[in-house]
1. Those residues that are among the hydroxyl-bearing types (Ser, Thr, Tyr), assigned to a helix (DSSP H, G or I) and within 16 Å of the ligand (Cβ to nearest atom), I need them from region 405-427; list them, please.
2. Given the criterion farther than 28 Å from Val222 by Cβ and aromatic (Phe, Trp, Tyr), identify the matching residue among Tyr14, Tyr37, Tyr29, Tyr7.
3. How many residues does region 581-617 hold that are more than 16 Å from the ligand (Cβ to nearest atom) and surrounded by fewer than 21 Cβ atoms within 10 Å (Cβ to Cβ)?
4. What single numbered condition from (1) in contact with a strand residue (DSSP E or B) (Cβ under 6 Å, 6 or more places away or on another chain); (2) within 13 Å of the ligand (Cβ to nearest atom) fails to hold for Glu334?
5. Test each condition in (1) in a loop (DSSP other than H, G, I, E, B); (2) within 16 Å of the ligand (Cβ to nearest atom); (3) out of contact with any Asp or Glu (no Cβ under 9 Å at 6 or more places or on another chain) for Gly402 and report the one that comes out false.
6. Would region 428-435 turn up any residue that is assigned to a helix (DSSP H, G or I), surrounded by 21 or more Cβ atoms within 10 Å (Cβ to Cβ) and over 27 Å from the mean Cα position of the chain (by Cα)?
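The values are calculated or read from the model by the stated rules, or taken from the named source; none is laboratory data. Given the structure is predicted, the values throughout are model-derived calculations rather than measurements. Ideal geometry is used to build each Cβ from the backbone, glycine not excepted, and the neighbour counts take in all protein chains shown.
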Amino acid sequence: MCGITGYIGYRDAYPIIINGLQRLEYRGYDSAGIVLYDGKDIVLSKTKGKVSDLLERTASEISTKGNLGIGHTRWATHGVPNDVNSHPHTSASGELVIVHNGIIENYDTIKKELTNRGYSFKSDTDTEVLVNLIEEVKKQYKVKLGKAVQIALNQVIGAYAIAVFDKSKPDEIVVARLGSPIAIGIGKDKKEFFVASDASPFIEYTKDAIYLEDEEMAIIKVGKDVEIRKIHDDSLVDADVQELQMNLEQIEKSGYDHFMLKEIYEQPRAITDTYRGRLLRNEGLIKMAGVEDNMKKFLNADRIIIVACGTSWHAGLVAEYIFEEFARIPVEVEYASEFRYRNPIITEKDVLIAISQSGETADTLAAVKLAKEKGAFVFGVCNVVGSSIARETHAGAYTHAGPEIGVASTKAFTTQITVLSLMALRLSRAKGTMSSSDYRLHLQELELIPEKVERALKIDEHVKEIAKEYLLSTNCLYLGRGYNFPVALEGALKLKEISYIHAEGYPAAEMKHGPIALIDDRMPVIVIATSMGHYEKVVSNIQEIKSRKGKIIAVVTEGDVQVKEIADHVIEIPETEEAFTPLLTTIPLQLLSYHIAVMRNCNVDQPRNLAKSVTVE
Ligand code: G6P
């Protein structure tokens, strides 16, 4: 959580940092701040609120001149969101400034020691403690900023991505990472450098970037190579300069009102990109290098353990059904946060699949490390190329969904299911657990999914009409069975996340064991009732709801007759193979929560208290 960005070079740093912060707001948006070096002194502005509030404030408060600066958009951990706790933080002397993403766990002990040495603190943050520790080390050891940062970080327990500069030596930015991401953009002829939590803030300036690894720090000076060292032993590290694949259009709204809506509509393209080059229908082949190169591991696996959080966990649940059905491999799906802390039994015959859009979720990353330590083969399904989980895993498959900016995940979910379906199909072939005709049928059907998603999106106006009737609801129930039970969970999560309506997802048959007590004439119940997958049983559940006067919004297969007669509203989706229905049934649920949230005037792309990338536990 939190986004950090910085610039050093020949251009005005201010617009670069402000634009960068706006692009990083998905990481946190409860306060924002910027500090610039104007040639003589530092000018600092920070505020509770969003980057737009910072913009208003800086316009009246400070000079925006300067070719060096750092900025921050915050998701509070230590200290409530207010102006004082906002970053950047300055050291006691006012010489050093810092922005920080992460948590310094032993900040209290360090704070006490510094207080005994005469330091006082303005904020409640762990970050202000860190910048003062760096200052104290710098004074005590009489070292330069880079060395002081290194010594200080060796005393720190926790997670961080930091950017620091010293106003008395304003020719460098020092950055460091442990557990939170940091990218360095290299300008032409090293005349300028950019720093950011991901590459989006500098995409229009350079395609050359270095992603720091954990326990690395870098000293960035104009005209010089970036000097990267290991924090703990000071050894020099060769910079691995990567060429960025992202483009500007991908991170802009392209005429849509919100990123979430854009990303919902991008799904046909995103799913196509996910299977491009992997699904070779004419040859009857699925090619996935990460699976192919490690086929033995998969074939010898006693079981697959899937770990993830949030929406990615729901994709994992869908995958459980698909892997077990197609490849007959036992699957367990775990919340990463629970898995890592419960001393799980993991053996060398386990394959662990970590699913993560961002590739940075702290709990998922920790679960990956734990499974590796215990000897399991670890496979990553990530969207962000070069992310921590992508790098930490033994092998993996990217989803290729393109940047997802809306905090509520949409295209990440459907592309994760696509990758996992491809994997399950490939393994079914290798294991001979699916007949050739079924296999070919599934390849053909998967290839048709983007076109069917396109058709499913055409019901948008109809969904909007339905949304109008339920925007004042306070509770909502989502029901589904089999492959569509996880979709019910995901539908409920989408609604809570962005419209703040309480919603619960349930397996339809479990309704009788509790949620049925909640049903009355004010309770909307969204039921996924596609033509396959226990249709008759779901119809009975719908009858049960109806006889208790619940309001039914049913997602059905095109041409449905039975449910249409009972439900208050029906939303039709194209027919497909049962295992792929989640790729279609999820579309109206995404749209429903989107429209309800917009009508309730909620901030769809930046829902309260949430962040896109949860890099703290
Ligand atoms: C946060 C986001 C969710 C996301 C979850 C897991 O809670 O708001 O949208 O599903 O983290 O993120 P990951 O990047 O690991 O998929």
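1. Selection gives Thr414, Thr415, Thr418.
2. Going through Tyr14, Tyr37, Tyr29, Tyr7 in turn, just one is farther than 28 Å from Val222 by Cβ and aromatic (Phe, Trp, Tyr): Tyr29.
3. 4
4. Going through (1) in contact with a strand residue (DSSP E or B) (Cβ under 6 Å, 6 or more places away or on another chain); (2) within 13 Å of the ligand (Cβ to nearest atom) one by one, Glu334 breaks only (2).
5. Condition (3) is where Gly402 drops out.
6. So far as region 428-435 goes, yes, one or more of its residues are assigned to a helix (DSSP H, G or I), surrounded by 21 or more Cβ atoms within 10 Å (Cβ to Cβ) and over 27 Å from the mean Cα position of the chain (by Cα).
Every residue, every condition in (1) more than 25 Å from Cys382 (Cβ to Cβ); (2) of a type in the set (Phe, Trp, Tyr); (3) touching a helix residue (DSSP H, G or I) at 6+ places or on another chain (Cβ under 6 Å), yes or no:
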position	(1), (2), (3)
Glu577	yes, no, yes
Leu583	no, no, yes
Thr586	no, no, yes
Leu591	yes, no, yes
His595	yes, no, yes
Arg600	yes, no, yes
Asp605	no, no, yes
Asn609	no, no, no
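A quick yes/no check of all residues on (1) without any contact (Cβ under 8 Å) to a residue 60 or more places away in the chain; (2) under 21 Å from Gly9 (Cβ atoms):
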{"residue": "Lys139", "(1), (2)": "yes, no"}
{"residue": "Gln155", "(1), (2)": "yes, no"}
{"residue": "Ala161", "(1), (2)": "no, yes"}
{"residue": "Lys167", "(1), (2)": "no, yes"}
{"residue": "Ala176", "(1), (2)": "yes, yes"}
